[in-house]
Amino acid sequence: MLFKDRTEAGRRLAMRLMARRDGLDLLLLGLARGGVAVAFEVAVALHARLDVLVVRKLGVPGRKELAMGAIAPGNVVVKNPSVLAASDISDEMFQAAVDGQRAVLAQNEAAYRGPRPAMIIQNRLVVLIDDGLATGASMQAAVEAVRVQEAARVEVAVPVAAREACRKLRPLVDDLICLETPEPFFGVGQWYDDFRQISDEEVRQLLEPAEQRLMAGSPD
C-alpha cells in the first residue's frame, strides 16, 4: 500500500503544496467525502481556508463504482464518453441519473456545510483535493464548477491517480499535483491500508475546526 490512511496522504500532499501561495488568496476545496479528510491535513499545514465541494458521481447501472459522468454545483454535468459507449447508456438513462442525483447533491451540501454559505471562489487560487482519481470524471466536474465561478487559478492535488485520469485532466487545469500514478490502477482504495467511508458527521467536524481557526484570526 502507498498510504496508511487519508491523514497520512494529506500530510504527504501538504509537503508538495507548501509553496502554493503565488500571492493569491488560497482556498482549498475538498471533494466530499473522502477528499475533505485529505484536504483538512493540507489546510492545517498551509494555514489555508478550507471548504467542501460536493460532486456526485453518476455510476453505471449495476456497476455504481464505474463513473459514466458526474454533476457539480452550478448545473455542471460531465459525461465520460468511453464508459457511456461501452455500457450502452442511452441519453434518457443518463438524464435520469442526473435528475436523481441533483436532489442528493443539494441535500449533501446542506448536511456538510450547515447554515454557513459557500466560500467565495472568484479571483482566488483554488486547489481541488480528493483522495484519488480513477476515471477523473468527478474531478472534471469540480474543475468546471470552479471555472464557472471565475477562480483566478485552478489546481488539482491528489495523493494517487490513474495515469489516464491525469492525462485527461492536465489540459483543463493550471497545475496538477499527484504523488503517485501506479499501474495497473483498478481503484483508489487499493492504495490505502485504511480506506473506510467517511461519514457526513466526520465531514462536518473537519470543516468546523477550519472555520474556528479563521474566526480566531489565524493566517489564511
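Every number here is computed from the coordinates shown, using simple stated rules; none is lab data. Remember, it's a predicted structure, so these values are computed and weren't measured experimentally. Cβ sites come from the backbone with ideal geometry, for glycine too, and all protein chains shown count toward neighbours.
So the values come out like this:
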| item | result |
| --- | --- |
| Most mobile listed residue (Asp25, Asp99, Asp130) in the chain, GNM with C-alpha springs under 10 Å | Asp99 |
| Dipole of the range 15-105 [Lys/Arg +1, Asp/Glu -1 at C-beta], most positive-end residue of Val78, Ala45, Gly100 | Ala45 |
| Considering only the chain, percent of DSSP beta bridges that pair antiparallel, nearest 5 | 30 |
| Sorted peptide list for 68-78, 183-193, criterion being average Cβ within 10 angstrom, highest first | 68-78, 183-193 |
| Per residue, the convex hull volume that the Cα atoms of the chain enclose (Å³) | 115 |
| Proxy reagent accessibility, fewest Cβ within 10 Å first, across Thr7, Thr135 | Thr7, Thr135 |
| Under 12 Å, Cβ to Cβ, from Lys64 - net charge with Lys/Arg +1 and Asp/Glu -1 | +2 |
| Reciprocal of mean inverse Cα separation for the range 30-80 (Kirkwood radius, Å) | 12.3 |
| Size of electric dipole in the chain: Cβ of Lys, Arg +1 and of Asp, Glu -1, about Cα centre, debye, nearest 20 | 220 |
| Highest-MSF residue in the chain out of Ala19, Ala39, Ala134 [GNM, Cα springs under 10 Å] | Ala19 |
| Packing-based exposure ordering (other Cβ within 10 Å, fewest first) of Val160, Val44 | Val44, Val160 |
| Fraction of antiparallel bridges per DSSP, the range 1-128 only, in percent to nearest 5 | 50 |
| Sorted by Cβ density within 10 Å, fewest first, the residues Leu179, Leu206 | Leu179, Leu206 |
| The chain: most fluctuating residue of Asp131, Asp175, Asp88 per GNM, C-alpha cutoff 10 Å | Asp88 |
